[in-house]
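Enquirer: Before I ask anything, here is the structure I am working with.
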Amino acid sequence: MQTVGAQWLLVGLPNAATLVALVQTADTLPDVLLAFPAGALADAFDRRRLLIILQLMQVVIGVALTALTISGHINPPLLLAFTFALGGASAMALPPYQALIPELVPRDQLAAASALGGISINLARAVGPAIAGLLIARVGVGAVFALNTATFLILIAVLMVWRRPIEAAAQAPERFLPALRAGARYVRYSPVVRRILLRLALFVAPATAVWALLPLVAHQLLGLGAEGYGLLLGALGGGAVAGAIALPRVNARLSANGMLGVASIAYAVAMAVLVLTRHPVAAFLILIPAGAAWVVVIASVNAMVQLFLPGWVRGRGLAAYQIVLFGSQAVAAIAWGLIASRSGLVTTFLLAAGILLAGAATIVRWPLHDVRGLDRDATRPWPEPTLGIEPDSDTGPVLVTNTYTIAANLEGKFLEAIRALRLSRLRTGAIRWELYRDGAAPNRFVEAYTVPSWEEHLRQHHGRLTGADVAIEQEVDRLSDPPPQVAHFFPAIPL
């Protein structure tokens, strides 16, 4: 409803294509700028309290926007500024909100919970725009903004009643800046997460043309008013609800890569038909499968990220997902708006459809990794370090070495296995990793990795490793005879 109201205030102005697209950009750009700090806060502080504060911020912003709109003092710069502010609070709220989901449902229900989230969001997309169209036509945009502001109070009430599990709320928080760096390292050195984010971007960037420019399609190509635009958005949302309901059957019949390919083709076809038809009923009908394809991709990718990320970095990993999802929309929306201003809506949509198909073809080259069977539960496989000194938590950097003795016939397997171990070390806290061979004893190898502080290394001991990380380490350890010897080194001279 908020999006419909904001965009409809601009459709009759000069340069409407750019202004309407800027609403989408103003709403989603904060997800790029603020998501990762929000993810670090979500992993470092009480997520429930953080969400309450952010909802109160949205209430204050929404009240101001409503007052300015009703009094007639709103203009495009102010509207975009308030949209950006609301988007900023929403961007800060999404990582802690999504990171709470595994505390609400068992792990084996995460995929279903993600689909249910998709249903709720897209049910709102189905109902909200239609209601917004009626309110705008009969009462005005100010009423839409007022109702949107009131809804923030509902989530505050829910959060005030709910209490986090004691074991989740009692975890020792990480400090903010180290948490930011650790989250960035995890995403950088996780091939699975990087591939998921790549596939998401290749779908969302061209697909955003529909969400960004649909008001202009309704107004310029189909001759519809606010109510008609609301119905078109309702078709998108209704299709998304249907797609979410059908998602379990889709997952049962298609692989993740197959699902992504089919959904991309269906969405691209819908984009082309939407601008080539001039009949509102045909446009309404074609938007239903487009909405279904959208939610199948978004919900499936979200579930993949939720299932793969370990708990200690879930907020920051979801922030990276959020940056790609909304960042792709923010950048693409303004790009499609500028292209539409110069080349027209038909050319823009056909170009976007072609790019979407080209992106789908790259699945052959860059498919999603199969992570079924990977143990993602946190574990504590390392014994407590035995030291002759008592370092402070801030002491660092800390050099950790593992010395392996490898038979000549196992050297190839060892070098291959330790590549995966390198990524595990870097994901869980190391800032530098190296492997050395002993010049006097060529069968002896020394793995050396540096951790920023003793506190950071202790977090590796106390829950950063998953069962999959342990399996990688055990595979390397089995190749060493005798077992590897570990040592910890601290700065001898203050740095």
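The values are calculated or read from the model by the stated rules, or taken from the named source; none is laboratory data. No experiment lies behind these values; they were computed from the predicted model shown. No Cβ is skipped: glycine too gets one built from the backbone with ideal geometry, and neighbour counts run over all protein chains shown. These area figures cover heavy atoms from the full protein model, side chains too; ligands, DNA and RNA do not enter into them. Shrake-Rupley method; radii C 1.70, N 1.55, O 1.52, S 1.80 Å.
Enquirer: All but one of (1) open to solvent by 40 Å² or more (accessible area, probe 1.4 Å); (2) modelled with pLDDT of 90 or more; (3) not in a loop (DSSP other than H, G, I, E, B) hold for residue 462, so report the exception by its number.
Expert: For residue 462, the exception is condition (2).
Enquirer: Looking at this structure, is residue 262 under 21 Å from residue 197 (Cβ atoms) and part of a helix (DSSP H, G or I)?
Expert: Working: under 21 Å from residue 197 (Cβ atoms): yes; part of a helix (DSSP H, G or I): yes.
Judged against the criteria, residue 262 is a match.
Enquirer: Just to be sure before I move on: is residue 440 open to solvent by 60 Å² or more (accessible area, probe 1.4 Å) and not in a helix (DSSP H, G or I) in the structure I sent?
Expert: So residue 440 fits the description; yes.
Enquirer: Then there is this: Which condition breaks for residue 434 when tested against (1) modelled with pLDDT under 95; (2) surrounded by fewer than 16 Cβ atoms within 10 Å (Cβ to Cβ); (3) of a type in the set (D, E, K, R)?
Expert: Exception for residue 434: condition (1).
Enquirer: To continue, here is another question. Against the definition (farther than 26 Å from residue 10 by Cβ and either open to solvent by 40 Å² or more (accessible area, probe 1.4 Å) or not basic (Lys, Arg) (or both)), how does residue 71 come out, yes or no?
Expert: The answer is no for residue 71.
Enquirer: Condition (residue is open to solvent by 40 Å² or more (accessible area, probe 1.4 Å) and small (Gly, Ala, Ser)) applied to region 202-221: is it met by at least one residue?
Expert: Within region 202-221, not a single residue is open to solvent by 40 Å² or more (accessible area, probe 1.4 Å) and small (Gly, Ala, Ser).
Enquirer: Residues in region 379-428 that are touching a Pro at 6+ places or on another chain (Cβ under 7 Å) and open to solvent by 70 Å² or more (accessible area, probe 1.4 Å): how many?
Expert: 0
Enquirer: When you go through 493, 472 one by one, which is the residue that is under 29 Å from residue 180 (Cβ atoms), free of Cβ contacts under 8 Å to residues at least 24 places away in the same chain and among the β-branched types (Val, Ile, Thr)? So that I can check it myself, show each step before the final result.
Expert: Working: 472 fails: free of Cβ contacts under 8 Å to residues at least 24 places away in the same chain.
Just one listed residue meets the conditions, 493.
Enquirer: Let me ask you something else. Which ones in region 77-106 are under 23 Å from residue 158 (Cβ atoms), of a type outside the set (A, V, I, L, M, F, W, C), part of a helix (DSSP H, G or I) and open to solvent by 40 Å² or more (accessible area, probe 1.4 Å)?
Expert: Answer for region 77-106, where residues must be under 23 Å from residue 158 (Cβ atoms), of a type outside the set (A, V, I, L, M, F, W, C), part of a helix (DSSP H, G or I) and open to solvent by 40 Å² or more (accessible area, probe 1.4 Å): 90, 97, 103.
Enquirer: Regarding residue 431, is this residue touching a residue at least 24 places away in the same chain (Cβ under 8 Å), of a type in the set (A, V, I, L, M, F, W, C) and over 30 Å from residue 316 (Cβ atoms)?
Expert: no
Enquirer: Residues to consider are 410, 399, 426; find the one that is in a strand (DSSP E or B) and not polar (S, T, N, Q).
Expert: Testing whether each residue is in a strand (DSSP E or B) and not polar (S, T, N, Q) leaves just 399.
Enquirer: In addition: Can you name the residue in region 134-180 that is open to solvent by 60 Å² or more (accessible area, probe 1.4 Å) and among the basic types (Lys, Arg) and is also modelled with the highest pLDDT among such residues?
Expert: Looking at the filtered set, the residue picked out is 138.
Enquirer: If you don't mind, another one. Any residue that is surrounded by 14 or more Cβ atoms within 10 Å (Cβ to Cβ) and assigned to a helix (DSSP H, G or I) - is there at least one of those in region 478-489? Full working, then the answer.
Expert: Taking region 478-489 as the starting set, the residues that turn out to be surrounded by 14 or more Cβ atoms within 10 Å (Cβ to Cβ) are 479-480, 484, 486, 488.
Cutting the leftovers down to assigned to a helix (DSSP H, G or I) gives us none.
No; the residues of region 478-489 include none that is surrounded by 14 or more Cβ atoms within 10 Å (Cβ to Cβ) and assigned to a helix (DSSP H, G or I).
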